[in-house]
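A short worksheet on the structure shown next.
The values are calculated or read from the model by the stated rules, or taken from the named source; none is laboratory data. Model, not experiment: these values are computed from the prediction. Methodologically, a virtual Cβ is constructed for each residue, glycine included, from the backbone with ideal geometry; neighbour enumeration extends over all protein chains shown. These area figures cover heavy atoms from the full protein model, side chains too; ligands, DNA and RNA do not enter into them. Shrake-Rupley method; radii C 1.70, N 1.55, O 1.52, S 1.80 Å.
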Amino acid sequence: MNQQQDQLEALHEIRNIMDRSSRFISLSGLSGVFAGLSALVGAAVVKWYFSQQNINYYSDQARNFSQEDVLFLLAVALGVLALAFGTATYFTARNARKKNQRTWDNQSKRLLTNLAIPLATGGVFCAILLYHGILYLVAPAMLVFYGLALLNGSKYTLGDIRYLGIIEIVIGLVACVFVGYGLMLWTLGFGVLHIVYGALVYFKYER
């Protein structure tokens, strides 16, 4: 019995070593929580701006947004991205130090590469939508391409991210149909889901 247990423990250790050599497992759940909080703040700022400009997102999908409106939304989006990236970098680096692992290695490079390709494609696609004035599809497109990025990068990090990616894609497709609820679904996908996912990962792997 003890021999079988020792063999199982040895197999478990070998599996852990293989995971560490092929996956970047230092992602912190707290980075997801703070990314979600950043998205909630960004959504609140956009909602406030719409109220000040008398814009009803639910009924003004075909509205011709001014250049100032578009620039403001871009500024908010970039601000949310900067906050999310900054907190993700900080908490991931801290988690890596706790585990005595390197933050920048071949695994993290592969992860970032596989995340960057769908994200960059989505960014260009959203820019094209803005160029043609199709603002109401920007939020759904962001959700779909972000979900594809998570799905594409999931094989190089925690497997839980795969499920988050699938849910993001589904929410994005729903937002493509119910365009009047794009802002609300964007808030759900980037805000609430990130907080829930981050909390689950934190208590599962870091506590």
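Can you tell me how many residues within segment 178-207 are open to solvent by 20 Å² or more (accessible area, probe 1.4 Å), more than 26 Å from Val45 (Cβ to Cβ) and not aromatic (Phe, Trp, Tyr)? Count: 4.
Figure legend. Inter-residue proximity from segment 192-205: first residues in contact (Cβ under 8 Å) with a residue 24 or more places away in the chain, second residues polar (S, T, N, Q), beta-carbon distance below 7 Å, spacing 6+ or different chains. Indicated pairs: Gly198/Ser31. The combined condition, being within 30 Å of Arg207 (Cβ to Cβ) and modelled with pLDDT of 80 or more, is fulfilled by Arg94.
Taking the listed residues Leu135, Leu158, the one that is closer than 18 Å to Thr187 by Cα, at pLDDT below 90 and open to solvent by less than 40 Å² (accessible area, probe 1.4 Å) is Leu135, with no other qualifying. Residue pairs whose Cβ atoms lie under 9 Å apart, separated by 6 or more positions or on different chains, with the first residue in segment 64-75 and within 19 Å of Ala39 (Cβ to Cβ) and outside any helix (DSSP H, G or I) and the second open to solvent by 60 Å² or more (accessible area, probe 1.4 Å) and β-branched (Val, Ile, Thr), do not occur.
One residue stands out in segment 100-115 among those that are part of a helix (DSSP H, G or I) and open to solvent by 50 Å² or more (accessible area, probe 1.4 Å): the one that is modelled with the lowest pLDDT, namely Asn106.
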